[in-house]
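Worksheet: one structure, shown below.
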Amino acid sequence: MKITFLGTGTSQGIPIIGSDHPVCLSDNPKDKRLRVSVLVEWDNYSIVVDCGPDFRQQMLNAKVSRIDGIIFTHEHADHTMGLDDIRPFFFKQGDIPIYAHKRVLKALRKRFDYIFKTENKYPGAPNVIQKRIKNKPFTIGDLEVVPVKGHHNALQVFGFRFRDFAYLTDMKTLKNKEVDKLRNLDVLVVNALREKPHPSHFNLEEALDFISEVKPKRAYLTHISHHLGFHDNVQQNLPENVFLAYDNLEINI
Ligand SMILES: [Zn+2]
């Protein structure tokens, strides 16, 4: 299985428009972060987790020519607003499956009403196949996907386990029985916003505590704010099996 970090930034992306914060002005490509998303590839399948406003650029950067579906963690704009840009895939492949909690599907139907229209639909609009996720395993091809439920402040969000890889973003709290789904991982990806606490995201300390509890072989941090600091400085101070993810990083599992 191959994982590509398509974006590792928090909701505004880094640099932030108009910001003169030193991290936003950094020349290091590892300090430039598109909105958070990963590409998961195995056998002949490729799926994307979340589809934010940078989706088009991310598909171009990673040279993705086909997708077998999009899985959504939750409905916030930084995770969903690229849905219109599935059109090139739809024109080539036909209807694109989207996997999401029923509340997220409802939000997408409202936001992208023209995509979900069944009558007098504009011919250039894409079609999707709605696949509702509950908190139980489902399959894409031969791959089992295990949802991991958590909360982003009061909002329910899903992370996902694919074999020995798990991807969690926008988490603040998880119940023990959900954490139990994350045993014996090779790689855990988890959100770490900044050092200061935040009401809806793990800060760095909470993310590191969570990693110590889950005990994956390796962990990568994502959904990063410019307030966390320069990539190279932050990396120096992390435990030896924890890495700050950066855009376009590829890992094989
Ligand atoms: Zn987010």
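Among the helices (runs of 4 or more DSSP H) confined to region 1-101, the ones with at least 3 residues that are at negative phi and within 16 Å of the ligand (Cβ to nearest atom) are located at 77-80. Out of region 147-165, which residues are modelled with pLDDT of 95 or more, outside any loop (DSSP other than H, G, I, E, B) and either of a type outside the set (A, V, I, L, M, F, W, C) or in contact with a Phe, Trp or Tyr (Cβ under 7 Å, 6 or more places away or on another chain) (or both)? Once the filter is applied, which keeps residues that are modelled with pLDDT of 95 or more, outside any loop (DSSP other than H, G, I, E, B) and either of a type outside the set (A, V, I, L, M, F, W, C) or in contact with a Phe, Trp or Tyr (Cβ under 7 Å, 6 or more places away or on another chain) (or both), region 147-165 yields Pro147, Val148, Lys149, Gly150, His151, Gln156, Gly159, Phe160, Arg161.
Residues in region 2-13 that are over 16 Å from Glu41 (Cβ atoms) and surrounded by fewer than 23 Cβ atoms within 10 Å (Cβ to Cβ): 3 in all. Only one of the listed residues (Val104, Val145) is surrounded by 12 or more Cβ atoms within 10 Å (Cβ to Cβ), among the aliphatic types (A, V, I, L, M) and either within 16 Å of the ligand (Cβ to nearest atom) or without any contact (Cβ under 8 Å) to a residue 24 or more places away in the chain (or both). That residue is Val104.
Residues in region 73-121 that are among the polar types (S, T, N, Q) and more than 17 Å from Gly52 (Cβ to Cβ): Gln93, Thr118, Asn120.
When Leu185 is evaluated against the numbered criteria (1) surrounded by 22 or more Cβ atoms within 10 Å (Cβ to Cβ); (2) in contact with a Pro (Cβ under 7 Å, 6 or more places away or on another chain), which criterion, by number, is the only one it fails? For Leu185, the exception is condition (1). Inside region 1-52, residues that are of a type in the set (D, E, K, R) and within 25 Å of Ser65 (Cβ to Cβ) make up a count of 7.
The values are calculated or read from the model by the stated rules, or taken from the named source; none is laboratory data. Being a predicted model, the structure only gives us computed values, none of them experimental. Neighbour counts are summed over all protein chains in view; Cβ atoms, including those assigned to glycine, are modelled from backbone coordinates with ideal geometry.
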